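A quick write-up on the structure given underneath.
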Amino acid sequence: MHVLKETKYQYAENKIKQNNESAKKYFLICFILLLFSFVFPLSLLGSVIAFVIAFAYLQQNYSWKRGKSGETKVSTALQQLDDSYYLLNDVVLHPKHGNIDHIVLGQNGIFVIETKDYRIGVGCNEDEWYLLTYSGKKRIPSISKQAKRNAVTLKDFIEQHADSAGLKHRQLFINSIIAFVHPDLKTKLYKPTVAVLKAYELPEFIKNAKTNIRISDDELKAYGDIILRHST
């Protein structure tokens, strides 16, 4: 496995930094409103609301930090692939969009991997996703739609820059994969619209993926160069 881009967590670190700044701002508002509450009692309510918002930002940081750990585990698992594959981690194709956790370039296909590190059960009904909590199902943003959106974004991105790289036009298909990090995670899946795997299953799945086209090593290197040159 050739690693073209290591995981630097740039996107996650920026989010953590933004959340910390927002939390500090709301903690300051909380403190100021608390002081005013001695004169204006209603300010106490505003102080409580500001505290809750600040705490929510810090809670988001916990998720981002856990996500960083999950991406490292997936990257390590992918190292089992041989040197005919190329790996790019933590790729941001557009500043206003989120990152793509992992991109694998292989002669039997291109794979976009969305990594999740849930600790409680998770399930889906096609593109609808939810957590399996003690109190029942809790709806969450669609992981499969996110993975497929990343695949379409990468396809458009490569095709947009293909001419400048001297590549011939071909119909690219990007494979979308969801990878759950925790090996004992319980899942309840009904007709998922993308491949859903545990991290340790990734290398074997990718090696055995079937395709109608073969991508040459020169093309793979060119695709990798496009991503490295034009991503942020």
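Throughout, read-outs are computed from the coordinates displayed, never taken from laboratory work. Please read all numbers here as calculations on a predicted model, not as lab measurements. For neighbour counting, all protein chains shown are included, and Cβ atoms are generated from backbone atoms with ideal geometry for every residue, glycine included.
General observations
- Spin-label pair Asn20/Tyr190, simplified geometry with 7 Å Cα→Cβ offset, distance in nm: 4.3
- Excluding the site residues themselves, the longest part of the chain lacking any chymotrypsin sites (Phe, Trp or Tyr not before Pro) in a DSSP loop with at most 14 other Cβ atoms within 10 Å is 39-133.
- With all pairs of separate Cα atoms included, region 11-54 yields a Kirkwood hydrodynamic radius of 10.8 Å.
- Within the chain, the longest run free of trypsin sites (Lys or Arg not before Pro) that sit in a DSSP loop with at most 15 other Cβ atoms within 10 Å is 9-95.
- Cα-based Kirkwood hydrodynamic radius, the chain, one decimal, Å: 19.7
- Cross-link reach list, aspartates and glutamates versus Lys148, counting only Cα pairs under 15 Å and skipping chain neighbours closer than eight places: Asp101, Glu114, Glu126, Asp127, Glu128, Asp156
- Across the cross-link table entries Lys96/Lys116; Lys5/Lys207; Lys137/Lys188; Lys5/Lys25, which are compared at the Cα atoms, the separations over 23 Å belong to Lys5/Lys25.
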